[in-house]
Amino acid sequence: MIASPASDTGLGADETLDGLRLRLAPLVTANAAFDGWTKDAVAMAADAAGVDRDIAALAFDGGPMAMIDAWFGAIDVAMLVRFAPGALEAMKIRARITALVEARLDILAPHREALRRAQAILAMPANVTAAAKLGWRAADIMWRAAGDTAADYNHYTKRATLGTVYAATMLVFVNDESEDHADTHAFLARRIEGILRFEKVKAQLTPDADQHFSMARFLGRLRYRGQR
């Protein structure tokens, strides 16, 4: 807790910095399209929300990556609330993943310039690891929303492949001038077909769906490989 109802900082009762980041993220994003992912974008978002600028600056003291992280987190939330309870379960898996990614595209559509600027920051060598984590988080949330419960190595391959597809789709999306972003949707459909084809082939090659990765077994194979 960082504020009380009587506080003049603009914070809600018991609102945390995490909650403030999530609340300000869309406002920061709107400003980032014009001013970049900068302190000015945060200050203007604070003014628009009636929040003390110093408190807002503290919430985003991680700089541009903290702002982008918060925005992507807000997109995760907005994506999930677009689907009524049971709506995804009524779809086939291909339709579920497609609907989830397309929901994100719809949310991102008014903010393509902010996304373009965010991608430039995420592509910086110093931010590659953080960018990969954000992509993994988005893929994980989508797979979980789609009903995936894999606990073995499939858990990792599914998220890795979807994360790669999602990142590639975003690169197409920011430069797509086709009507209703038709080129992006076609690109996405092809890539999701590739994901599902890969999963089908993988399942055929590894019929034991319950096998788990064993570090001990892996190291043992490495140890004795040369003795065979």
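The values are calculated or read from the model by the stated rules, or taken from the named source; none is laboratory data. Everything numeric in this text was worked out from a predicted model, so none of it was measured. Here Cβ is always computed from backbone atoms with ideal geometry, including for glycine, and neighbour counts include all displayed protein chains.
For the condition of a type in the set (Asp, Glu), modelled with pLDDT under 95 and loosely packed, with under 15 Cβ neighbours inside 10 Å, what is the one hit in Asp40, Asp35, Asp18?
On the way: Asp40 fails: modelled with pLDDT under 95; Asp35 fails: loosely packed, with under 15 Cβ neighbours inside 10 Å.
Going through Asp40, Asp35, Asp18 in turn, just one is of a type in the set (Asp, Glu), modelled with pLDDT under 95 and loosely packed, with under 15 Cβ neighbours inside 10 Å: Asp18.
Cβ separations smaller than 7 Å between residues 6+ apart or across chains give the following pairs from region 117-136 residues that are without any contact (Cβ under 8 Å) to a residue 12 or more places away in the chain to residues that are of a type in the set (A, V, I, L, M, F, W, C) and surrounded by 13 or more Cβ atoms within 10 Å (Cβ to Cβ): Ala131/Leu122.
Considering only region 194-207, I want to know if a residue exists there that is of a type in the set (Asp, Glu) and at pLDDT below 90. I'd like the intermediate steps shown before the answer.
Residues of region 194-207 of a type in the set (Asp, Glu): 199.
If we keep only those that are at pLDDT below 90 too, we end up with 199.
Yes, the conditions are met somewhere in region 194-207.
Among the residues of region 158-173, is any of a type in the set (A, V, I, L, M), more than 13 Å from Val101 (Cβ to Cβ), modelled with pLDDT of 85 or more and in contact with a Phe, Trp or Tyr (Cβ under 9 Å, 6 or more places away or on another chain)? Yes: one or more hits.
Residue check: is Thr29 outside any helix (DSSP H, G or I) and touching a residue at least 40 places away in the same chain (Cβ under 8 Å)? Answer is no for this residue.
Which is in contact with a helix residue (DSSP H, G or I) (Cβ under 7 Å, 6 or more places away or on another chain) and part of a helix (DSSP H, G or I), of Ala138, Ala182? Matching residue, one of Ala138, Ala182: Ala138. Answer yes or no: is there a residue in region 65-86 that is of a type outside the set (S, T, N, Q), crowded, with 18+ Cβ neighbours inside 10 Å and either more than 15 Å from the chain's Cα centre (by Cα) or more than 23 Å from Asp140 (Cα to Cα) (or both). Checked region 65-86: no residue is of a type outside the set (S, T, N, Q), crowded, with 18+ Cβ neighbours inside 10 Å and either more than 15 Å from the chain's Cα centre (by Cα) or more than 23 Å from Asp140 (Cα to Cα) (or both).
For the structure I just gave you, tell me whether Val101 is surrounded by 14 or more Cβ atoms within 10 Å (Cβ to Cβ), touching a residue at least 40 places away in the same chain (Cβ under 8 Å) and in contact with a Phe, Trp or Tyr (Cβ under 9 Å, 6 or more places away or on another chain). It is true that Val101 is surrounded by 14 or more Cβ atoms within 10 Å (Cβ to Cβ), touching a residue at least 40 places away in the same chain (Cβ under 8 Å) and in contact with a Phe, Trp or Tyr (Cβ under 9 Å, 6 or more places away or on another chain). Here Phe218 fits the description: in a helix (DSSP H, G or I), of a type outside the set (A, V, I, L, M) and at pLDDT below 65. The single condition among (1) at pLDDT below 95; (2) more than 15 Å from the chain's Cα centre (by Cα); (3) crowded, with 17+ Cβ neighbours inside 10 Å; (4) assigned to a helix (DSSP H, G or I) that Asp148 does not satisfy is (4). For Gly36, the conditions (1) under 24 Å from the mean Cα position of the chain (by Cα); (2) farther than 18 Å from Arg117 by Cβ are fulfilled apart from (2).
Per-residue answers, yes or no, for (1) of a type in the set (Gly, Ala, Ser); (2) in contact (Cβ under 8 Å) with a residue 24 or more places away in the chain; (3) more than 17 Å from Asp106 (Cβ to Cβ):
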{"residue": "Asp140", "(1), (2), (3)": "no, no, yes"}
{"residue": "Arg144", "(1), (2), (3)": "no, no, yes"}
{"residue": "Leu171", "(1), (2), (3)": "no, yes, yes"}
{"residue": "Val174", "(1), (2), (3)": "no, yes, no"}
{"residue": "Ser178", "(1), (2), (3)": "yes, no, no"}
{"residue": "Ile192", "(1), (2), (3)": "no, yes, no"}
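Residue pairs whose Cβ atoms lie under 7 Å apart, sitting 6 or more positions apart in sequence or on different chains, and linking a residue in region 53-68 that is part of a helix (DSSP H, G or I) to a partner that is surrounded by fewer than 24 Cβ atoms within 10 Å (Cβ to Cβ) and of a type in the set (S, T, N, Q), are Ile55/Thr9; Met65/Asn127.
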